[in-house]
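The values are calculated or read from the model by the stated rules, or taken from the named source; none is laboratory data. As the structure is a computational prediction, the values presented were derived from the model and not from experiment. Every residue, glycine as well, gets a Cβ built from its backbone with ideal geometry; the counts of neighbours run over all protein chains shown. When the accessible area is computed, the model is the full protein with side chains, heavy atoms only, and any ligands, DNA or RNA have been set aside. Shrake-Rupley method; radii C 1.70, N 1.55, O 1.52, S 1.80 Å.
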Amino acid sequence: MVETSGDGVADDINIAWPLQFGGEPSDITPNGFKDRHSNMSTELRVADTLLGSPGDMEQLNRRVLRVGAAAALFSVALYLAVGLFTGEATYFAQAAGPGLVTLLIWAQIKTQRENAVVTLLFAGVTVVATYFFFGAEPTLIPAALGVVIIASISILFVESHNLLVTAAIAAVLIGIPFIWGEPLADAAALGAIMAVSFAVVSSIFFSVRNAATALNRRFQVIFEYSPMAAVEADFSGAIEFVGTEFSGRSDRIRGFLGAYPDVVRSAASHVRVVRTNQAANELLEIGPTDDLVISGPHLSDGWLLAVTEILIALVEGRDVVQLELPLQDGEGEKIWLSLRAVNVSTGDKPDGILCALADVTHLKVKEGAMSELIRAKDEFVASISHELRTPLTAVVGLTSEIASGGFAGPERDELIGLVASQAQEMSHIIDDLLVSARVGMGTVAVVFDTVDLNAELSAAVGGVGADLLEIPSTLPPAVGDGPRIRQILRNLLTNLERYGGSSRRVLGGVEGERVWLEVRDDGEGVAGDEAARIFEPYASAHSGVAGSVGLGLSVSRQLAELMGGSLAYRRDGEESVFRLELVLARESLLV
């Protein structure tokens, strides 16, 4: 378990969750489950206390001290009131005892060294000594009752040898009346009553503690070995600090904390982390015995959001907060944690906030990718509408002119040729759409045959009307589907015409059992971070690089791979290079 740390300011922010321990960033690698499991018996021995962890025991110390402070102040007020009413100076003297106890508790709270055992021992000795020196008959019973109550409360902090400790305390109680100088018979009777009362009260405390221990042991095991990362924190100090800065209505706390983030940062330094489980240690990359300190002045925006929302919920009276936190890991990469905070306090003050954490970075990445895909498809629809509208408008307009009869002879033939070319452009767009859809369904038909690459390249160059400075004179035949190879070449040449530089050429050759074609130009090319995306579907919708509707390069690579080949992009000096490789035909291998 992680011991509770005092308030502090850290120098930096730890990875995954903006927390820090011990004042310096840790490089401790968390122990694995096997190492953690080996400490199981030790942890369960700790759980044999009333609450079960150092953090829980600290809370118990705090509560006992605060109740003790209230009781001591009440005793001081009572003694002073009785002294004023009766005029007896001894009552004023007896008020000094609980007054000293109050001062001791106040000093422990201020120095954050709260120890209920020391306070109880001091209080018991003070009561005995005060009555010994200043006691009177009317205050005998209150003094005896006070000693019994103090002794009974101390039983809560006994962790072993319960019967032996109980017997020892009972023996001390029997002897106290004799120390006070009471007559032997009265002292014996009062001592017996004090011992029996203590035995009855302590047995009740033992029973309550054992029941609480049994329940807490189950909680400890579930908490510690839960696969969900969990952190328990005490926000009481933070709420008290916010109360000193804000006195308005609870429904206005959100606006106040939003306007004054420095208040949240200061309040965060008062948050005490009580414990973390093994899953949280691994997620936050901390050791199981390291102190965990919230770094108030150095809060990241994500952790600032978490503290703000928890404080708002506590002030407004809500018990559950759920949100996602954008953070950075130790390498500066953005990650996301899902946080669900539940108020598990047993009193009016929020002394127990249980936070469950989960790394949802992978879900955020998928969500972002899905949003990007939806956006790309929306832009794709707009793009394809534009691409189809251009040739379709030409076809409709030209056919209307032809139908009007206003043209004849060569002019009519020229218009018909323009209609045919625009219709062919529409056909190419539709071909790409069909291939893309069929590849996704696994229904693309590829016929393997010996293909004359020279003929297919010439047809593609003529269809696109590409102006090339260089073209291969002869190419060996390849294995593949002729129309599909022509579609690949047409897309590459269309891409060249739209985005290429002034020096455009096509090279070809043979390497081993592969025949290759390279489409080269001296244009600006593709930036390094975009190069990996140009073969994705709809890439042109957001990069302006690929074919007419963002499917040309994607479809071309898919077709090449279906025919056993490949299509890749690289930058070679001042030239952009698209390289198509296909399987060399067998008859070429025999030559």
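Residue-level check: of (1) modelled with pLDDT of 85 or more; (2) touching a strand residue (DSSP E or B) at 6+ places or on another chain (Cβ under 8 Å); (3) closer than 14 Å to residue 559 by Cβ, residue 508 misses just (3).
Can you say whether residue 262 is outside any loop (DSSP other than H, G, I, E, B), open to solvent by 70 Å² or more (accessible area, probe 1.4 Å) and either within 25 Å of residue 340 (Cβ to Cβ) or in contact (Cβ under 8 Å) with a residue 60 or more places away in the chain (or both), as far as the supplied structure shows?
Numbers: outside any loop (DSSP other than H, G, I, E, B): yes; open to solvent by 70 Å² or more (accessible area, probe 1.4 Å): yes; either within 25 Å of residue 340 (Cβ to Cβ) or in contact (Cβ under 8 Å) with a residue 60 or more places away in the chain (or both): no.
No; evaluated as a whole, the condition is false for this residue.
At least 2 residues being touching a Phe, Trp or Tyr at 6+ places or on another chain (Cβ under 9 Å) is the threshold, and among the strands (runs of 3 or more DSSP E) wholly inside the stretch 442-514 those reaching it are 478-480, 504-511.
Right, residue 315: open to solvent by 30 Å² or more (accessible area, probe 1.4 Å), within 20 Å of residue 272 (Cβ to Cβ) and among the β-branched types (Val, Ile, Thr) or not? Spell out how you get there, then give the answer.
On the way: open to solvent by 30 Å² or more (accessible area, probe 1.4 Å): yes; within 20 Å of residue 272 (Cβ to Cβ): yes; among the β-branched types (Val, Ile, Thr): yes.
Taking the combined requirement at face value, the residue satisfies it.
Among the residues of the stretch 44-68, those identified as of a type in the set (D, E, K, R), modelled with pLDDT under 80, open to solvent by 30 Å² or more (accessible area, probe 1.4 Å) and outside any loop (DSSP other than H, G, I, E, B) are 45, 58, 62, 63. Filtering the stretch 539-564 to residues that are open to solvent by 10 Å² or more (accessible area, probe 1.4 Å) and at pLDDT 85 or above leaves 557, 558, 561, 562, 564.
If you check 129, 136, 71, 96 for being at pLDDT 85 or above, under 26 Å from residue 190 (Cβ atoms) and among the aliphatic types (A, V, I, L, M), only one passes: 129.
Per-residue answers, yes or no, for (1) at pLDDT 80 or above; (2) open to solvent by 80 Å² or more (accessible area, probe 1.4 Å); (3) within 30 Å of residue 323 (Cβ to Cβ):
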| position | (1), (2), (3) |
| --- | --- |
| 361 | yes, no, yes |
| 366 | yes, yes, yes |
| 371 | yes, no, yes |
| 376 | no, no, yes |
| 381 | no, yes, no |
| 385 | no, no, no |
| 392 | no, yes, no |
| 407 | no, no, no |
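Among the residues making up the stretch 346-355, those that are touching a Ser or Thr at 6+ places or on another chain (Cβ under 8 Å) and either open to solvent by less than 50 Å² (accessible area, probe 1.4 Å) or modelled with pLDDT of 90 or more (or both) are 350, 351, 352, 353. Does residue 114 meet the test of being touching a residue at least 40 places away in the same chain (Cβ under 8 Å) and open to solvent by 60 Å² or more (accessible area, probe 1.4 Å)? Here the answer is no, as residue 114 does not meet what is asked.
Does residue 223 satisfy the criteria of being open to solvent by less than 50 Å² (accessible area, probe 1.4 Å), more than 30 Å from residue 175 (Cα to Cα) and not acidic (Asp, Glu)?
On the way: open to solvent by less than 50 Å² (accessible area, probe 1.4 Å): yes; more than 30 Å from residue 175 (Cα to Cα): yes; not acidic (Asp, Glu): yes.
So residue 223 passes the test.
Has the stretch 519-531 got any residue that is open to solvent by 60 Å² or more (accessible area, probe 1.4 Å), out of contact with any Leu (no Cβ under 6 Å at 6 or more places or on another chain), more than 28 Å from residue 446 (Cα to Cα) and at pLDDT 85 or above? Before the answer, list the steps.
Kept after step one, since they are open to solvent by 60 Å² or more (accessible area, probe 1.4 Å), are these residues of the stretch 519-531: 522, 524, 528-529.
Those still in the list that are out of contact with any Leu (no Cβ under 6 Å at 6 or more places or on another chain) too: 522, 524, 528-529.
With more than 28 Å from residue 446 (Cα to Cα) added as a condition, the list becomes 522, 524, 528-529.
So of that shortlist, the ones also at pLDDT 85 or above come out as 522.
Scanning the stretch 519-531 turns up at least one residue that is open to solvent by 60 Å² or more (accessible area, probe 1.4 Å), out of contact with any Leu (no Cβ under 6 Å at 6 or more places or on another chain), more than 28 Å from residue 446 (Cα to Cα) and at pLDDT 85 or above.
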